[in-house]
Each structure stands twice: as C-alpha cells, then as structure tokens.
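Engineer: Input: one structure, supplied below.
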Amino acid sequence: MLSLPEIVDRDAVPYIAVSARVTLPFDDRIGGIMATLFSHLAENELRETGPVFFKHNVVAMPDIDMEFGVPVDRVVECPKGFVSGILPGGRYAEISYFGPYDDLITVNGVLIGWAGHAGLIFDSRKEDDGEWFANRCESTITALKSSLTRKLHTTVSIRLKD
C-alpha cells in the first residue's frame, strides 16, 4: 500500500550513522551495518529518538553513498566510518509505503515523478560522481530486526529547496 505524496515540514534532528558506499542490491550488508551502528550507540550511551533511516547522499545508480543511521539525543564526535550531525529541517516531499523493502526503488520513483509533475525542486545538485542530496532518506518505521521481505512501513522523504 502506498500513501499519496505530500509536502511536510520537518525539524532539524541530530543523528549518528555508519557511512558506506553500496551497490544495489545491498540487502546482505544491512544486518552487519546495523549491528555496528547499534553496538556503537550502546558503547557510547546514545539514546535513539526516532526510526532507523537510510540516507542517500550521492546517487549514481546502481551505486549509492549512504548513511545508515538513527536519530539520537545529541551530536557527538565519531571514529572513522561513523558520521554524526544534523538532518536538516525544512520542507520535504514525502510518501509512505507498506510493503517489502525490494519495492523502494519504485516508491522513490513515484515520489520523484510526482514532485517533478508538481514543479517541486529538490535540494540537490549534479556532481561528477552522481546526484548529491541535502537529505534524501528512507525511514523504516517497522523494526528492521524482522525480515526485509515482510510488510515494512517506510517513509521516503526528500528535502526541497527553500
């Protein structure tokens, strides 16, 4: 099931993430990356304040520079391989999906197509190695500890230019 796309206002949110360059499909890497992230959270006594997200920083299909993260209570210094910062607030194009993770390429395409038809401009730019996004996230509302093939609730959000 797919929601209708909409424009939402989001607040800035501190987060921590594992950064990685992945090639689609990357399902086999998610478990290890998330275990590394949650181990780091526990070791540093960081408190989760929201759902897990996959942040697409630079997209050059099928390769993506990503951050696998979670909102936390504060920004912290991180060792190599981790990122801590602020997800930017502002206006976002957003769509929600209930279904398997494998369908998220299509869901992203629906959101991007709708935004283009509506004349919306993403906070992004073309770079030599792909398209850079200020914030393009897939937030998984349903716990990732369950199978990636069951019906997940995922929200896809892409920041719009001011």
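The values are calculated or read from the model by the stated rules, or taken from the named source; none is laboratory data. These numbers come from a predicted model, not from an experiment. Cβ coordinates were reconstructed from backbone atoms using ideal geometry, including for glycine residues, and neighbour counts include every protein chain displayed.
Engineer: Considering only residues of the range 65-117 that are of a type in the set (Gly, Ala, Ser) and without any contact (Cβ under 8 Å) to a residue 24 or more places away in the chain, which is farthest from Leu24 (Cα to Cα)?
Structural biologist: Among residues in the range 65-117 that are of a type in the set (Gly, Ala, Ser) and without any contact (Cβ under 8 Å) to a residue 24 or more places away in the chain, the one farthest from Leu24 (Cα to Cα) is Gly116.
Engineer: Could you run through the range 113-130 and say how many residues are surrounded by 14 or more Cβ atoms within 10 Å (Cβ to Cβ) and in a helix (DSSP H, G or I)? Break it down into steps so the answer makes sense when it comes.
Structural biologist: First pass over the range 113-130, keeping only residues surrounded by 14 or more Cβ atoms within 10 Å (Cβ to Cβ): 114-115, 120, 122-124, 130.
Then drop every residue that is not in a helix (DSSP H, G or I), which leaves 114-115.
Matching residues across the range 113-130 total 2.
Engineer: Turning to a different aspect of this structure: Could you tell me whether the range 80-93 includes any residue that is under 16 Å from the mean Cα position of the chain (by Cα), surrounded by 18 or more Cβ atoms within 10 Å (Cβ to Cβ), modelled with pLDDT of 95 or more and among the charged types (D, E, K, R)?
Structural biologist: no
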